[in-house]
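Trainee: Right, I'll just put the structure down here and ask away after.
Just so it is clear, none of the values below were taken in a lab; they were calculated from the coordinates. Treat the numbers as computed from the prediction; the structure is a model and nothing was measured. All Cβ positions, even for glycine, are placed from backbone atoms using ideal geometry, and neighbour counts span all protein chains on display.
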C-alpha cells in the first residue's frame, strides 16, 4: 500500500455482549443498550449531546477478519457469494463498524446508547450527529 494511516480510539464500548456469536447482525435485531466510555482527553467533545439525540458511532471491529473479500451475506450459504463492499459484513479490509443509536443517558464521559450490536471492548473511533434531511448542521 502506498499510504497508511493511524487511527486512535476515542473511547470503548461497554456492553453485556461479550461473544461475537451472541451479537445480532444489526442493532435493530435485538441488540442491547450499552455504554460508550469516552477517554478523558475527548470528554469535552461530548458537550451538548443529550438524551434523545441520534448519533452515528464508528467503531473498529477489532475481532473481524481483514483478509476476507467475499462473503455469503448474513453468513447464509444459500445467499450468493458477494464482495464485502456490497454488504454490511464485519469482515473487510478496514473493519469499521457503523451504528445508528439513540442516546439514552449522558453521565460525564459516558453515554448510554442503544441499541448497539458491538461487543464489549470494541474501540470507538468517532461519534457523529445523525442528521435528517431537514438538518443543516
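Trainee: What's the extension gain from residue 88 to residue 39 if we count 0.36 nm per residue and subtract their Cα-Cα distance?
Mentor: Extra length from residue 88 to residue 39 when fully extended: 14.9 nm.
Trainee: Another question, if that's okay. Using the basic label-point model (7 angstrom from Cα toward the beta carbon), what is the residue 3 to residue 63 distance in nanometres?
Mentor: 3.2
Trainee: Which three semi-axes in whole Å describe the equivalent ellipsoid of segment 11-129, each the square root of 5 times a Cα gyration tensor eigenvalue, listed largest first?
Mentor: With the √(5λ) rule applied to segment 11-129, the semi-axes are 28, 14, 12 Å.
Trainee: Report the gain in length on full extension from residue 74 to residue 100: 0.36 nm times residue separation, minus Cα-Cα distance, nm rounded to one decimal.
Mentor: 7.5 nm
Trainee: Mind pulling up the Rg/Rh value for segment 37-92? Radius of gyration and Kirkwood radius, both on Cα.
Mentor: Looking at segment 37-92, the ratio lands at 1.18.
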